[in-house]
Every structure is written in C-alpha cells, then in structure tokens.
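Before any comments, here is the structure.
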Amino acid sequence: MTAVVLEGRHLGHAYGAEPVLTDVSVAIDAGEVLAVMGPSGSGKSTLLHLLAGLLRPDSGEVYLAGQRIDRLPEQARSRLRLRQLGFVFQFGDLIPELTIAENVELPLRLTGTRAGRARRRARAMLERLEIAEHAGKRISEVSGGQAQRAAVARALVHSPQVVLADEPTGSLDTTAGELVLEALVGAARESGTAVLLVTHELRVASWASRDVLLRDGRVVGDAPLTASPEEGALVAASGRHAAGGHAGGSGR
C-alpha cells in the first residue's frame with residue numbers, strides 16, 4: 001500500500017464571517033499527481049495554503065508524513081516547508097536580483113548545504129529541465145516559460161516530499177505551459193515526489209492521475225481522472241463524480 005504523505009482531515013476555514021472551506025478532507029500519496037479543481041472562489045488556493053501550513057485551519061487537522069502540523073508554532077512549520085515541501089506559483093515568484101542558478105540553489109543554501117554541492121545539484125536540475133544554458137541569466141532575461149521551468153527546478157532541487165503548484169501555467173501560453181507541466185510531473189514522478197496541482201483548467205488537470213473537485217468550499221467529487229481533457233469534460237457533465245466523496249477513495 002502506498003503511504004499517504006499529505007492529508008487534510010475535515011478542514012474548515014473562514015475569512016471573517018464568510019466560510020471558504022467546510023469539512024474538506026483530501027489526501028495525496030507519495031508519487032501521486034493530484035489535481036484540485038473548481039471554479040474561481042471555490043476554495044482551491046485556500047486549501048493549498050492550509051495543507052502547506054501557510055494558514056491554520058479554523059477546524060480540522062493537517063498531517064505531513066504522519067506528523068500533525070497545523071498546531072505547530074510558525075517557526076516549526078517554516079522549517080517543515082523549507083525541507084519537505086516545494087512550491088510553484090502562477091508567476092514563479094523567483095527573486096529578480098538573483099540569477100536562475102542562484103534561485104534554484106536557494107532552498108539548498110537555506111538548509112545548510114555547502115555552496116559547491118548546492119551549485120552542482122542546481123546545475124543538474126537545470127540540465128534535467130533543459131534550461132542549463134540560462135543558468136547565469138536573471139529572470140528579466142528569459143522567457144516566461146523558461147522562468148517557470150526554473151521555478152520547477154527550485155521546487156524539486158531539495159527532493160521534497162510534496163510539490164504544491166497553484167495555477168503553475170496560468171500566465172503561460174499553451175506550448176510553454178505543456179513544457180512546464182511535462183517538467184514538473186515527469187521529474188516528480190521519477191523522484192517519487194507527490195504533486196498537488198491546483199487548477200481550473202481540464203487541460204492542466206489531465207496531467208494528474210486523480211482529481212478532487214471543489215464547489216462552494218466543499219468536496220463534491222473525487223475520482224481517477226480520465227485520459228484526456230475532452231473525456232474529463234464528459235465525466236463532469238454526466239455527473240459521475242460522487243457528491244461528497246472523500247479524498248483517498250477506496251483501495252487506499
């Protein structure tokens with residue numbers, strides 16, 4: 001049985017008096033690619049922030065590699081994020097003053113890896129993602145797709161247990177977006193890292209093996225994803241997602 005690496009149990013969260021998530025449970029296995037889908041305002045990004053320990057849930061529990069993290073002090077959660085999680089956001093969030101290579105090295109340097117070793121590992125990851133020739137450039141000197149592949153390299157360079165990607169292709173054209181997804185999902189699957197993709201696009205979700213559908217802050221579907229975006233649209237239209245399904249499903 002594959003181990004659950006990240007799990008939220010019965011999560012609830014509100015901003016003021018406005019509930020954003022209600023009784024949401026979701027789990028992701030090591031090596032799995034999970035898409036969290038839903039329309040704008042459904043709570044997708046809030047769920048990612050709760051699972052990453054960036055927000056504390058108002059109710060429920062979050063577990064990373066079997067350890068409950070939602071009630072840890074902020075400093076302890078920051079250390080866990082730095083060592084065990086990787087992040088890719090819509091606009092990359094790379095540091096513009098640093099070169100591509102320096103951005104990729106950063107997670108390693110922050111965890112105490114020696115400069116030479118960090119440099120070699122960053123170079124190897126950039127070569128894996130086919131952007132090593134841009135290692136010495138700054139973000140303003142590369143394309144959006146190249147910068148986003150650098151963000152993927154940074155997310156993976158320290159071998160995290162989970163990569164959380166929030167609309168990672170939202171600012172890219174279709175071709176660049178496909179290259180980024182291929183790099184993210186391919187590299188993660190090779191290393192056994194779990195990937196959680198937050199998206200509202202079936203095209204992006206089609207790279208996952210399973211999808212969780214949110215609507216109005218609740219899980220309304222959890223199922224293996226069909227083989228193509230077109231088939232996925234048919235599944236959604238026919239209502240085959242089981243209302244109120246629990247992430248993890250049968251066979252876990």
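Tabulated data
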| item | result |
| --- | --- |
| Unique residue being surrounded by 14 or more Cβ atoms within 10 Å (Cβ to Cβ) and either over 16 Å from Ala165 (Cα atoms) or in contact with a strand residue (DSSP E or B) (Cβ under 6 Å, 6 or more places away or on another chain) (or both) when the list is Glu74, Glu61, Glu18 | Glu61 |
| Residues (surrounded by fewer than 20 Cβ atoms within 10 Å (Cβ to Cβ) and polar (S, T, N, Q)) located in region 187-201 | Ser191 |
| Qualifying positions in region 1-48 - closer than 29 Å to Ser159 by Cα, assigned to a loop (DSSP other than H, G, I, E, B) and out of contact with any Asp or Glu (no Cβ under 6 Å at 6 or more places or on another chain) | Met1, Ala3, Ala30, Gly31, Glu32, Gly38, Gly43 |
| Among (1) over 26 Å from Leu34 (Cα atoms); (2) touching a Phe, Trp or Tyr at 6+ places or on another chain (Cβ under 7 Å) - the single one Ala155 does not satisfy | (1) |
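Throughout, read-outs are computed from the coordinates displayed, never taken from laboratory work. What you are looking at is a predicted structure, and each value in this text was computed from that prediction instead of being measured. With ideal geometry, Cβ positions are generated from the backbone for all residues, glycine too; neighbour counts draw on all protein chains shown.
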